[in-house]
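FYI, it's all coordinate maths here, none of it is from the lab. All figures in this text were calculated on a predicted structure; none of them were measured in a lab. Heads up, the Cβs are rebuilt from the backbone with ideal geometry, glycines too, and the neighbour counts pull from every protein chain shown.
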Ligand code: ADP
């Protein structure tokens with residue numbers, strides 16, 4: 001027997017309609033390309049999203065069509081999120097930091113006919129022009145420089161809006177229809193398209209907004225430092241609308257000083273980003289002796305959160321650090337360091353140890369670890385296995401790919417993890433980054449974590465090198481903080497006190513910098529390639 005309750009599809013348009021209706025005056029603050037601060041609110045975002053939907057329709061965009069975006073975090077990009085998905089088209093966010101060739105490949109693969117582009121990315125687009133034969137219109141999210149106006153068939157965003165009515169009725173549709181498309185950043189091969197549905201997007205936003213999760217409230221000021229082009233900015237644009245939070249969009253200014261001043265002037269209470277961004281902010285705060293007065297919660301994900309970041313922000317700035325785990329394929333937030341009863345009271349080292357884990361599943365996602373044959377492994381905190389997930393916002397296929405990625409209904413993440421009896425998991429490695437020394441595994445992530453607790457160390461990377469006797473051994477590459485000196489033998493002695501003896505790398509190299517991927521993570525594939533490994 002079916003329940004006798006209404007069925008209403010879960011649609012992205014309902015989020016912006018709600019934010020406008022109940023939180024219309026709540027501000028959306030956005031940093032423009034020239035550094036100026038632009039102010040609007042949920043009401044204006046909704047009105048302009050309707051205008052954009054009309055404008056896109058006039059350009060021939062129909063339900064199911066893909067519209068690409070190449071832009072930083074700003075109000076026009078936010079409007080585009082709502083306009084494109086709301087009208088039934090698919091918002092394809094493109095990472096401008098990818099190799100130009102990959103961008104062309106992705107635009108082509110997605111079949112984008114219209115691109116919304118920041119002025120800063122027009123030269124990039126121009127260089128790709130011959131490979132973008134399918135693109136009919138380029139809409140510039142800002143002023144178009146005169147020298148490029150003649151080359152590309154461009155139109156300015158504001159002109160498109162000025163010509164469009166603000167009357168647009170968001171269509172009802174099946175909640176399983178696609179709303180957004182994001183390609184993986186290709187660290188594990190060719191970029192693959194993850195196609196989010198309206199339903200998965202709303203359920204993910206709800207989960208992210210919950211109190212023990214990232215926690216969004218109408219009294220919060222939320223700033224996604226994670227880009228809108230990286231897995232829907234971890235749900236910030238949607239969760240903020242759902243809760244009616246004020247949203248602060250930092251544009252392309254992600255250095256420590258810019259972030260700090262914006263966070264202080266706009267009284268940001270909640271933010272999230274990858275560890276590299278927070279390391280830069282930490283360095284700025286330490287050097288300048290500045291204090292964060294308003295920030296309450298800091299989400300860290302996309303890569304393991306260094307312990308130094310946790311203790312710095314928690315102890316010095318009294319900010320709650322929220323490490324999490326996810327991937328483009330999981331919308332992306334799947335696990336956070338969600339507390340259990342009693343955990344909120346943990347203090348000192350006990351709290352830091354708890355936070356140093358990668359998190360446990362949010363309601364709506366299930367996680368497990370399995371062996372090479374797919375058999376379940378014990379959740380005892382020490383047995384490592386392949387991490388697999390399933391849930392309402394986990395992908396079950398890739399856009400325009402035949403291959404079914406699932407194994408027995410689970411998505412294999414490619415990560416290796418241990419899990420304890422309470423479901424807290426710790427990512428030890430990506431399967432391809434693991435180091436097998438004399439038949440035993442060495443966790444590159446853990447070795448990096450321990451190395452970065454040394455006060456002279458800024459960043460560390462560990463990769464496997466072949467060894468005649470042990471099979472593989474770890475090679476440790478270290479970037480020191482400015483003006484620091486650290487003899488390799490001293491670092492070895494430091495590690496000896498903190499990890500098993502056989503983990504200590506015989507080879508340690510001090511390097512000026514380490515390569516990062518388009519999403520700001522350590523690029524181990526590039527490190528291996530540089531060394532011919
Ligand atoms: P890509 O797969 O292209 O790098 P994603 O942003 O989807 O792009 O990356 C997801 C991966 O990031 C995960 O599979 C995992 O390896 C890594 N990752 C995410 N969060 C964490 C974490 N808390 N600890 C360790 N690794 C993490």
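Peptides 73-86, 452-465: what's the order by average Cβ count within 10 Å, highest mean first?
73-86, 452-465
Please list 268-275, 38-45 highest first by mean number of surrounding beta-carbon atoms within 10 Å per residue.
268-275, 38-45
Send over the Kirkwood Rh of segment 16-114, from the inverse of the averaged 1/r over different Cα pairs, rounded to one decimal Å.
Every distinct Cα pair counted, the radius reaches 14.4 Å.
Can you list the residues of segment 401-444 with backbone N under 20 Å from a point 7 Å past the Cα of residue 502, pointing along Cα to Cβ?
It comes to 417-418, 428-429, 433-444, nothing else.
Quick one: check the C-alpha center-to-center distance for segment 77-151 versus segment 282-348, whole angstrom.
34 Å
Taking the Cα atoms only, what angle lies between the long axis of helix 75-86 and the longest principal axis of the chain, rounded to 10 degrees?
Result, in degrees: 70.
Report, in deg cm²/dmol and to the nearest 500, the calculated mean residue ellipticity at 222 nm for the chain, where each DSSP H run with n ≥ 4 adds -39500 (n - 2.57) and the sum is divided by the residue count.
-8000 deg cm²/dmol
Percent relative contact order of the chain, based on C-alpha pairs within less than 8 angstrom and at least six residues apart?
Relative contact order of the chain: 10 percent.
Which value in nm describes the separation of the simple spin-label points at residue 490 and residue 372, placed 7 Å from the Cα toward the beta carbon?
About 4.3 nm separates the two model spin labels.
Can you give the angle from 0 to 90° between the axis of helix 12-23 and the longest principal axis of the chain, with both taken from C-alpha atoms, to the nearest 10?
Value to nearest ten degrees: 80.
Using R₀ = 25 Å, calculate the FRET efficiency as 1/(1 + (r/R₀)^6) where r is the Cβ-Cβ separation of residue 1 and residue 390; round to 0.05. Display every interim value, and only then the final one.
Values: r = 27 Å, r/R0 = 1.10.
After rounding, the FRET efficiency stands at 0.35.
Sorted by average packing, counted as other Cβ atoms within 10 angstrom per residue and highest first, what order do 421-429, 157-165 take?
Put in order of decreasing packing, that is 421-429, 157-165.
Give, in nm to one decimal, the length gained when the segment between residue 210 and residue 255 is fully stretched (0.36 nm per residue of separation minus the Cα-Cα distance).
13.3 nm
Once the Cα atoms of helix 100-110 and of the chain are each reduced to a long axis, what angle between those two axes, in degrees from 0 to 90 to the nearest 10, is obtained?
60 degrees
Report, for the chain, the % of DSSP beta bridges that are antiparallel, rounded to 5.
55 percent
What nm distance separates the two modelled labels at residue 36 and residue 467, each placed 7 Å from Cα along Cα→Cβ?
Result for the modelled spin labels: 6.0 nm.
In percent, what relative contact order does segment 434-533 have, based on Cα pairs under 8 Å that are 6 or more apart in sequence?
Here the relative contact order equals 24 percent.
With both bridge residues required to lie in segment 1-145, what share of the DSSP beta bridges run antiparallel, to the nearest 5%?
DSSP beta bridges in segment 1-145 are roughly 30 percent antiparallel.
Given a cut-off of under 8 Å on Cα pairs at least six residues apart, what relative contact order in percent is computed for segment 281-342?
For segment 281-342, the relative contact order is 28 percent.
Kindly identify segment 434-533 as rounded, prolate or oblate by the Cα gyration tensor criterion: order the square roots of the eigenvalues as a ≥ b ≥ c, call it rounded if a/c is under 1.5, otherwise compare a/b with b/c, prolate if a/b is larger, else oblate. Show your work: numbers first, answer last.
Values: a/c = 1.75, a/b = 1.11, b/c = 1.57.
Oblate is the answer for segment 434-533, as a/c is 1.5 or above yet b/c matches or exceeds a/b.
Starting from 0 in steps of 10 Å, tell me what percent of the Cα-Cα pairs of the chain lands in each bin.
Distribution as computed: 4, 18, 29, 27, 16, 6, 1, 0 percent.
Could you state the number of Å between the C-alpha centres of segment 227-254 and segment 366-402?
Answer, in whole Å: 28.
May I ask you to compute the full-extension gain from residue 316 to residue 528, defined as 0.36 nm times their residue separation minus their alpha-carbon distance, rounded to one decimal in nm?
72.6 nm
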